[in-house]
Structures are given as structure tokens and as C-alpha cells.
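See below for the structure under consideration.
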Amino acid sequence: MSPVVARTRSELEEALAGVRTGGGRVTLVPTMGALHDGHASLLAEARRSSGTGDAVVASIFVNPLQFGAGEDLDRYPRTLEADLEVCAAEGVDVVFAPSVDEVYPGGDPQVTVEPGELGTVLEGAARPTHFRGVLTVVAKLLGLVRPDVTVLGQKDYQQLVLVRRMVADLCMGVEVVGGQTVREQDGLALSSRNRYLTAEERRDALALSAALRTGAATAPSGADEVLRAARAVIDAASGVELDYLVLTDPDLGPPPAEGEARLLVAARVGSTRLLDNVAVELGAAAATGES
Ligand code: PAF
């Protein structure tokens with residue numbers, strides 16, 4: 001069935017009124033549209049964990065506040081018709097697709113969500129205002145949709161960690177679920193920005209997932225070996241301008257000597273900035289292979 005499309009706050013309220021009065025649970029999957037199989041899997045996850053009387057809401061909003069000067073706000077793909085088909089196929093009940101004025105009626109908000117220290121490293125070092133924009137719009141979407149659960153991808157891992165942090169620190173009372181990264185058969189993590197890549201750049205971009213796989217495979221030998229092995233793959237690659245390759249604990253702190261860790265990479269391929277990450281189990285008998 002086609003989802004209800006709500007363009008305004010009042011249309012959203014109207015679309016969710018029945019669910020709210022019936023005591024149903026609401027799950028929100030926030031997106032910027034240009035939906036691919038990675039988003040489809042988040043929507044499917046939301047649907048799976050919802051029952052009769054519950055609602056799955058997908059928001060589609062290209063949030064200007066999270067783009068810095070000179071970034072790709074203008075060329076970011078906007079594909080609403082195709083997105084609605086993906087939402088229909090995944091059983092989404094309501095698509096919230098507001099305009100910029102609807103989300104920011106008075107222009108840029110005076111009060112924003114400050115991501116703190118964690119918002120200044122990794123992606124935050126390259127994009128200093130990015131996470132303030134992300135957290136501010138996610139806080140607004142949570143305020144408007146008032147979901148019980150929100151599902152975000154592990155692909156943007158730092159974003160996921162920061163949203164969890166915001167929800168905990170500001171007592172927002174919503175469960176945050178991290179959905180698995182979906183990959184092409186050759187390992188490339190799905191991203192709306194992959195469509196910027198030329199055929200040659202797409203081949204070069206495979207070095208990112210290959211580095212993570214190679215690093216994760218050496219996890220039983222410990223942190224230094226993971227980083228050395230992953231780095232060797234990037235160094236041997238062409239067309240990849242590395243920004244960072246780091247190993248952290250699951251909350252992006254220093255990695256443990258043993259146990260759960262996260263290996264993250266960011267690089268520029270052509271003019272496109274790509275991110276990827278995997279879970280690794282340091283010092284254990286085998287790498288998890290989970291992503
Ligand atoms: O990951 C995204 O698509 C965006 O950063 C989000 C979470 C929808 C906020 O605009």
C-alpha cells in the first residue's frame with residue numbers, strides 16, 4: 001500500500017492521530033532521501049519490529065543545516081517519486097517530507113544541539129558544523145514525530161553514536177537502533193553519494209571496504225596489526241586520498257586491548273568523500289565479519 005505523504009506538521013499529526021489514540025508504537029527512520037537498499041533494510045528493520053496498530057514513519061528531508069559552505073547541498077540527489085516507491089515496497093505507513101520552511105520556519109534556529117567533544121573529531125574535524133546540524137534536525141524530527149524507536153544506519157557510525165549520546169544526555173526517551181550496513185557484492189558500502197562516482201572512481205573506492213576487511217581479519221593479533229594491515233591496503237590503492245583510518249572502542253573512545261572495537265575509514269575518491277566502518281573483535285579467536 002502507498003504510504004500517506006505528510007508535507008506539514010499538521011498533516012503529520014493527522015496521519016499519526018489514529019496510531020497515537022490507539023496506543024500504537026511509532027518507529028521513525030530519518031533519511032535525506034535518495035533511498036537505496038541500505039535505507040530499504042532500515043525500513044524493513046523498522047517494519048519487522050512493528051506490529052498491527054503500530055506505525056513506521058520515514059522522514060525525507062535534505063537538511064541544509066548539516067552541510068558546510070562548498071559542500072554538496074545543491075547537488076545532493078532529490079528523488080522523491082522513486083523514494084516513495086521504496087517506502088511503499090517496505091511497508092512504510094507515513095512519509096514525512098517537509099520543506100525547509102516547514103522544518104525551520106524562522107530561518108536557521110537560534111538554539112541548536114551542540115555535539116560536544118565527539119563532534120569535533122573524525123568527520124567533525126573535516127566538517128566542523130556537520131554534527132550540530134545533524135543533531136539539531138534529528139532532535140526536531142524526534143520532537144515532531146515523537147517516535148518510540150528510531151532506526152539509523154551503522155554506515156554513518158559517528159552519527160549513530162552521537163544520536164545515542166544526545167538521546168541519553170538529553171533524556172529524550174526514544175530507543176535508538178543501529179541498522180546493519182548494506183554492501184554491493186564487491187564490498188562497496190551503499191551510500192547516496194556513490195552515484196557521484198565515475199566507473200573508475202567506483203573501482204578505486206573498493207579500497208575502503210577491502211582495507212576494513214583485511215584489518216578485521218587480523219583482529220586476533222590485536223590493534224596494531226589491524227591498523228597496519230588495513231593501512232597497507234589503502235597505501236597500495238590508487239585514487240584514494242585518505243582522511244583517517246582509526247580503531248576505536250564502540251563509543252569512539254580509545255580501543256580496548258581485547259574485545260569489541262570499531263575500525264573506521266574516511267577518504268576522498270575524486271571529489272566524493274566516502275565513509276565506511278566495521279565491527280572487530282580484538283584479540284579474539286575470529287573477526288566478527290559484522291558490518
Ligand atoms: O543520515 C542521514 O541521512 C542524515 O544525516 C539524517 C540522520 C537523516 C539527518 O539529516
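Here are a few things to note about the model shown:
- The phi-based Karplus calculation (6.51 cos²θ - 1.76 cosθ + 1.60; θ = phi - 60°) puts the 3J(HN,Hα) values of region 119-129 at x, 9, 9, 6, 4, x, 6, 7, 9, x, 9 Hz, whole numbers, x for Gly and Pro.
- For region 60-74, 3J(HN,Hα) computed residue by residue from phi via the Karplus equation (6.51, -1.76, 1.60; θ = phi - 60°) reads 10, 7, 7, 8, x, 5, 9, 9, x, 4, x, 7, 8, 3, 6 Hz, glycine and proline entered as x.
- Cα centroid of region 32-70 to Cα centroid of region 175-211, whole Å: 18
- Counting 0.36 nm for each residue step from Thr120 to Asp108 and taking away their Cα separation leaves a gain of 2.2 nm.
- Signed unit charges on C-beta, dipole axis of region 136-240, positive-most listed residue Ala211, Leu162, Gly173: Gly173
- Normalised by the number of residues in the chain, the average gap of Cα pairs under 8 Å and 6 or more apart makes the relative contact order 16 percent.
- Residues with amide H under 5 Å from that of Phe61, placed H, sequence gap 5 or more: Thr31, Met32, Gly33
- Dipole axis of region 18-130 (+1 Lys, Arg; -1 Asp, Glu on Cβ), positive-most option in Val121, Gly91, Pro77: Gly91
- Most positive-pole-ward Cα, Pro64, Gly18, Ser49, against dipole of region 1-72 from beta carbon charges: Gly18
- The charge dipole of region 1-143, taken about the Cα centre with unit charges on the Cβ atoms of Lys, Arg (+1) and Asp, Glu (-1), comes to about 280 debye, rounded to the nearest 20.
- Diffusion constant of region 107-230 at 4 °C, which comes from Stokes-Einstein with the Kirkwood Cα-pair radius and 1.567 mPa s, µm²/s: 77
- Whole-number D in µm² s⁻¹ for region 7-77, Kirkwood Cα-pair radius fed into Stokes-Einstein, 20 °C, 1.002 mPa s: 153
- Cβ-defined net charge surrounding Leu190, 9 Å radius [Lys, Arg +1; Asp, Glu -1]: 0
- Charge dipole (debye, nearest 20) of the chain; +1 at Cβ of Lys and Arg, -1 at Cβ of Asp and Glu: 180
- Given charges at beta-carbon only (K, R positive; D, E negative), |dipole| of region 208-282 in Debye: 320
- Residues Thr112, Thr136, Thr198 arranged by fewest to most Cβ contacts within 10 Å: Thr198, Thr112, Thr136
- log₁₀ of I(q)/I(0) at q = 0.15, 0.33 Å⁻¹ - region 16-56, Debye sum with one point per alpha carbon: -0.39, -1.06
- Listed by Cβ neighbour count within 10 Å, with the fewest neighbours leading, Ser221, Ser209 appear as Ser221, Ser209.
- Treating r as the C-beta distance of Leu170 and Ala236 and R0 as 35 Å, the FRET efficiency rounds to 0.20.
- The ranking of Met1, Met172 from fewest to most other beta carbons within 10 Å of each one's beta carbon is Met1, Met172.
- Proximal charge balance of Ser50 [Cβ under 13 Å; K/R count +1, D/E count -1]: -3
- Taken over the chain, the ratio of Cα radius of gyration to 2.2 N^0.38 Å equals 1.01.
Each reported figure results from applying straightforward, stated rules to the coordinates on display, with no laboratory input. Because the structure is a prediction, the values reported are computed rather than measured. Backbone-built Cβ (ideal geometry, glycine too); neighbour counts: all protein chains shown.
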